[in-house]
Amino acid sequence: MKCLVTGADGMLGTDLAARLPGAVALDRASLDLTDADAVREAVAVHRPDAVVNCAAWTAVDDAEAREDDALAINGTAVGHLAEACREAGARLVQLSTDYVFPGHGPYGEDDPTGPINAYGRTKLAGEQAALAYERSYVVRTAWLYGAHGPNFVATMARLAAERDTVDVVDDQRGQPTWTGDLADRIVRLVASDAPFGIYHGTNAGETTWFGLAREVFALLGHDPERVRPTTTDRFPRPARRPSNSVLGHKGWDRAGMEPMRDWREALHAAWPELR
């Protein structure tokens, strides 16, 4: 199966392109997704069987002041891709986020959405644009970390070397997810006969940012007690954060696939690559 990967220079896109031999890997400089004609031409020229869109506006706080700019990437551009895929007969995989929910989870794939910030609204628009095309998958993910971009795990590893103690919020629950595991799952999904629709691409289990930070400290050989719990209101940000965005995985069961492994197991497996 020939795939085209957009956002291929990002944390997930890099891992995904590496797992798809012969994939056409396009970064922002190679393809302006806000240009409908350029998107149509790229898909027509490369003739992929599937397009995986890893490109996104991910600056959550900046989106509060620049929602139109975020929407152009996270929403409108997805419509361009969906239309190009329809013309070419290609599958579309659109990456989305737990932020499409208000944060009182856990949430199943079919639960009502209700984003509480601009980033979530723009990503929901992207979901809707993708699902308007009948041969599309939406894969919601969350709390991503990996070897090829800035992320919370890397930040905690840096702070462990710089500070005696670190205060980390303990009132936001979610699922740390390794980009390597997610990339493997996407490869499997596009090669399968799984029903089109929404899937939750997160590692299993759940924790808080505090719990994740303690696990990172332990893996580094540091005392996890150096990580101290605090609350979200101690770190005011322009964009509201969901307090519980844990995602359920029944979609994989319906598709005949097992859910992704537990987040701790994934973090331990990823660790040699992250060091």
Exercise. Considering Cα pairs under 8 angstrom that are at least six residues apart, work out the relative contact order of segment 80-227 and quote it in whole percent.
Key: 25 percent
Exercise. For residue 247, list long-range residues whose amide hydrogen, built 1.01 Å from N in the peptide plane, is under 5 Å from its own amide hydrogen.
Key: 107
Practice problem: Extending each Cα 7 Å along its Cβ direction at residue 36 and residue 258, get the distance between those two points in nm, one decimal. | Solution: 4.5 nm
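With a cut-off of at most 16 other beta carbons within 10 Å, and DSSP calling the residue loop, which trypsin sites (Lys or Arg not before Pro) in segment 94-138 qualify? Please list them. Don't skip to the answer; put the middle values down first.
Numbers: sites: 121, 123, 135; in loops: 135.
Taking segment 94-138 and a limit of 16 other Cβ atoms within 10 Å, the loop trypsin sites (Lys or Arg not before Pro) found are 135.
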Self-check item: In degrees, nearest ten, helix 179-190 long axis to first principal axis of the chain (Cα)
Solution: 30 degrees
Quiz item: Residue separation times 0.36 nm, minus the C-alpha to C-alpha distance between residue 1 and residue 265: what's the value?
Solution: 92.1 nm
Exercise. Could I have the simple spin-label model distance between residue 155 and residue 72, label points 7 Å from Cα toward Cβ, reported in nm to one decimal?
Key: 2.6 nm
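Would you please classify the overall shape of segment 205-275 from the alpha carbon gyration tensor, given that a ≥ b ≥ c denote the square roots of the eigenvalues, rounded means a/c under 1.5, and beyond that prolate means a/b larger than b/c while oblate covers the rest? Don't jump to the answer; show the numbers that get you there.
On the way: a/c = 2.77, a/b = 1.24, b/c = 2.24.
Oblate, because a/c is 1.5 or more while a/b does not exceed b/c.
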Quiz item: By how many degrees, between 0 and 90 and to the nearest 10, does the Cα long axis of helix 36-46 differ from the longest principal axis of the chain?
Solution: 80 degrees
Quiz prompt | Rough spin-label spacing in nm, given labels placed 7 Å along Cα→Cβ, for residue 61 and residue 162 | solution = 1.4 nm
Practice problem: Could you list which residues have their amide H under 5 Å from that of residue 197, counting only those 5 or more apart in sequence or on another chain, with H placed in the peptide plane? | Solution: 136, 137, 138
Self-check item: Angle in degrees between helix 118-131 and the longest Cα principal axis of the chain, rounded to the nearest 10
Solution: 40 degrees
Quiz item: Each residue of segment 10-26 in order: what ³J(HN,Hα) in whole Hz does its phi give by Karplus 6.51 cos²θ - 1.76 cosθ + 1.60, θ = phi - 60°, with x for Gly and Pro?
Solution: x, 4, 6, x, 5, 5, 5, 4, 5, 9, 10, x, x, 5, 7, 10, 10
Exercise. Enumerate by residue number the trypsin sites (Lys or Arg not before Pro) in segment 39-113 meeting two conditions: DSSP loop (anything except H, G, I, E, B), and at most 15 other Cβ atoms within 10 Å of the site's Cβ.
Key: 66
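Throughout, read-outs are computed from the coordinates displayed, never taken from laboratory work. Because the structure is a prediction, the values reported are computed rather than measured. All Cβ positions, glycine included, derive from the backbone under ideal geometry; neighbour counts span all protein chains shown.
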